[in-house]
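Note sheet for the following structure.
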Amino acid sequence: MVKKIKKRKQKRHATLYKDHSPEAIAEIQDEMFQEVDISFEAALQSIPDIFCKYSVQDIATSLFISNMWLPNIASGVKHQFLLSIFASMGPESFPRDNRIVSYPDFTGFLKQVYSLLPAFFMLEDYILEPDWGQVKFFHNGQIYKIFYGQELSNVYDYLILFQMLYVHLDNEYRKVSGRSPALELQSCLKLQNEIMSGITSQAGAEALSELSPGHIEIPPRDFWENAAEFYGTFRPESHVDEAFLRGFSIELGEWPCEYLNSNKFQDLVHRGKVVPKLFVYHEGRYLPVLPRRSSSILFDSWAVTYEKYHAQVIENSMPYSMTIGAELFRYIKARVNCSFLRPLVSAVLPGGSPHDILFQASFISKDRLILLYVTNPAYSREQIEKEFEDIAPKLKEAIDLISSSPVTLALHLERANVQFETRHSGELKPELFVVVPQVSTEMFSLSISRDLPGNIIFMDQLLGIIDELDEVDTFASFIEYREENDQRIQSLFVSPLDIYGSFKSSLGTLVEGALDYDFISLDPHWGSHLRHETLSEFWKIYPERHFFDHPRSWRVKKETETRVRLEARGYFGAALYCRVGRTHVFLNAPFDSMNYEQGLLANVLMECLEDSLSANKIALEKHQFIKAYDQLQVLFFPHSLVEGNEKFKHLGHLNPHEGFWRSDYGLPAESLYGIRLVFNDKLLAQAFVEVKDRSIEVAYT
């Protein structure tokens, strides 16, 4: 027997018809398809005649502005259709002189075009997340605004996957292919950031609340003025590498006319392959048209590069899966704090030697021993099914060994075995996840033998779920939730991340109060919407200037009007953030090395300094220091920690003796001013007990 799983989910689902027989539904659908085909052909005959009256600059600018206006996020397929027509027409089709020089010219053009557009009701049956830079992405030390709402669900997780697949092997890919994944990702992110930063006028929440699928409208005058001014002066070549621009551009007339067929076009939409370029190139200019699609186009463009060169970028015959597994472990470690989290573990054979199968990561969540086996990246159905077939017997053997009591694992990096003989003994249940990294966003089904144990999950889904965890035990609770509900959730369009979205939103109780039910229908966009909501809230609070580690390795909380607290997710650590003028101020201490009393006092001092800086920021903003430095970091160390911990002996020269504190300073990076402060915790603890006024705080600041 085989079970079918699908590779991924784009934001598309079948329209449901209630109170109709199957025959009636089929008849309605046939009529709808015929209507689309007729209107498609009519538009295909008429729209080029309209385009021929306007210059290339006129059309590119107008399509860009129409697509960037947020209410039109509901009509993404219509804009892809218009781009297909535009890119299929040769440059000789267009006059050289611009005709759209005023807002009435702009509205007149769009009225003509909009009136001819087909209603792609089977494709535009959902509304993307109407975002404008609320979600950001961290790459190479910089933070960029990205377009989250697009045809590809949970695009943020695909970008993380892109980093894991390629960026850590940037030098190797440069050598063998001439392409730099790190630079191309940076260029893609930078372009999105520049567009959203350059266009400051946009629709408000009220205008977005009443959107319906397929909605399209003419942008208002103020948006047209702002966006047209930006587009007229925006030159992508000023921001990104010329090789990137050439690689992601199409010249006018290069898009094949045979793709302008109703069935072919709709198939390309489903596959995410409609004009998979970021720019239209014309007479020396690179003209962006539909920049919301940038991230998915970049991701897919690397599928062929991976298939052609992946064997050459890995040295010493090491499986590609091992490098991705290492990246996955680091990702989990930065977000999960638990008593047992190890890379590279295996079952133990009866003689004590390790089993052949290596699990790239393992951790304990409640009574579950989570085992993650990462396959090689999937670039074809045949390749990944063959790998499943090859590993199934060995995986089953490994799980059988681990399931025997006492549960024992071989820790390869530590060259030791570990036996779980504590409270988990006899009740620790292995949970295997076979993680499949995909190199393409294109959807396909896989046939999987029932001999393959565990849960198969595509990597973008796992990355999203791990990033959403509040604590490690939530993962086991989610497994329990799926065990309870999975048999009733029967939809090809619902992904594990969608199910996690329902789990988190319902607090783990999906059908509270139901006595008898046998089917559960979930929103197939639930997971992507959850990610958008979570990430938007996070980036609204996270500092504009990056601190250290990955931003998503921190929890953020706005404690006061001026203070943000960052708490480490993977270990016991925290920092405070505030801003004084142009200077971003971070205050932190090595809490993971402190005892309770040391940590409590360090936190009090951090809060006192932030409070004083924020209370006096109007005066401080005039200070030359604040005008000169972008970032200030103050690190606090209890003297008792410096004396008692070998890691901090290098701070011995900052002994405060009989004073409250002693500090030094330096410039660890350009425009970053750092202060190390060692405080007399014994003396300060007593002083705070006896405090009568703010004299200590005043002296401190």
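The values are calculated or read from the model by the stated rules, or taken from the named source; none is laboratory data. Just so it is clear, the structure is predicted and the values come from calculations on it, not from any experiment. All Cβ positions, even for glycine, are placed from backbone atoms using ideal geometry, and neighbour counts span all protein chains on display. These accessible areas exclude ligands, DNA and RNA; they are computed on the full protein's heavy atoms, side chains included. Shrake-Rupley method; radii C 1.70, N 1.55, O 1.52, S 1.80 Å.
Some points to look at:
- Subtracting the Cα-Cα distance of A207 and T509 from 0.36 nm times their residue separation leaves 105.4 nm of extension gain.
- Debye, to nearest 20: dipole size of the chain, +1 on Lys, Arg Cβ, -1 on Asp, Glu Cβ: 1600
- Of all DSSP beta bridges in the chain, antiparallel share, percent nearest 5: 65
- Computed packing ranks the peptides 658-669, 451-462 as 451-462, 658-669, most packed first, by mean other Cβ atoms within 10 Å.
- The protection proxy used here, the mean number of other Cβ atoms lying within 10 Å of each residue, ranks peptides 91-103, 57-69 as follows, highest first: 57-69, 91-103.
- The listed peptides 433-445, 645-657, ordered by packing as a protection proxy, come out as 433-445, 645-657 (highest mean of other Cβ atoms within 10 Å first).
- Partners of K557 within straight-line reach, counting aspartates and glutamates whose Cα lies under 12 Å from its Cα and excluding those fewer than 8 residues away in the same chain: E537, E567.
- Theoretical FRET efficiency, 1/(1+(r/R0)^6), r = Cβ-Cβ of L349 and E483, R0 35 Å, to 0.05: 0.70
- Per residue Cα convex hull volume in Å³ - calculated over the stretch 314-435: 120
- Per the Debye calculation on the stretch 210-252 with a single equal scatterer at every Cα and no solvent contribution, log₁₀ I(q)/I(0) for q = 0.18, 0.26, 0.33 Å⁻¹ amounts to -0.79, -0.89, -1.09.
- The GluC sites (Glu not before Pro) of the stretch 238-313 meeting both criteria, a DSSP state outside H, G, I, E and B (loop) and at most 14 other C-beta atoms within 10 angstrom of the site's C-beta, are E254, E283.
- Using 0.36 nm per residue and subtracting the Cα-Cα separation, the extra length available between D473 and A628 on full extension is 51.2 nm.
- Acute angle (nearest 10 degrees) that the helix 320-335 long axis makes with the longest principal axis of the chain, alpha-carbon atoms: 60
- Of (i) 43, 36, 22; (ii) 47, 37, 24; (iii) 49, 28, 23, the label for semi-axes √(5λ) of the Cα gyration tensor in Å derived from the coordinates: (ii)
- Dimensions of the stretch 415-502 based on its C-alpha atoms, expressed as ranges along the principal axes with the largest first, amount to 45, 31, 26 Å.
- The residues of the chain expose, per residue, 45 Å² of accessible area to a 1.4 Å probe.
- Net dipole in debye of the stretch 158-258 [+1 Lys, Arg Cβ; -1 Asp, Glu Cβ; about Cα centre; nearest 20]: 440
- Inter-site label distance for D400 and S449 at 7 Å from Cα along Cβ, in nm: 1.4
- Residue-averaged 222 nm ellipticity for the chain, from DSSP H runs of 4+ at -39500 (n - 2.57), nearest 500: -13000 deg cm²/dmol
- Listed cross-link partners K78/K111; K136/K504; K366/K394 are compared with a 18 Å cut-off, the Cα-Cα value being larger for K136/K504; K366/K394.
- Estimated FRET transfer efficiency (S46, T200; beta-carbon r; R0 51 Å; 0.05): 0.90
- Rounded to 0.05, the FRET efficiency of the R285 and E307 pair, given R0 = 35 Å and the Cβ-Cβ distance, is 0.60.
- Evaluating kT/(6 pi eta Rh) at 37 °C and 0.692 mPa s, with the Kirkwood radius of the stretch 568-639 over Cα pairs in the Stokes-Einstein relation, gives 252 µm² s⁻¹.
- Chain lengthening between M322 and K540 when straightened (0.36 nm per residue, less Cα-Cα): 75.0 nm
- Fraction of accessible area attributable to carbon and sulfur, the chain (%, probe 1.4 Å): 50
- Selection from N680, I465, T509, by position along the positive dipole direction of the chain (Cβ): N680
- Our analysis of the stretch 263-329 gives Rg over Rh at 1.13, with the two radii drawn from alpha carbon positions and Rh computed by the Kirkwood formula.
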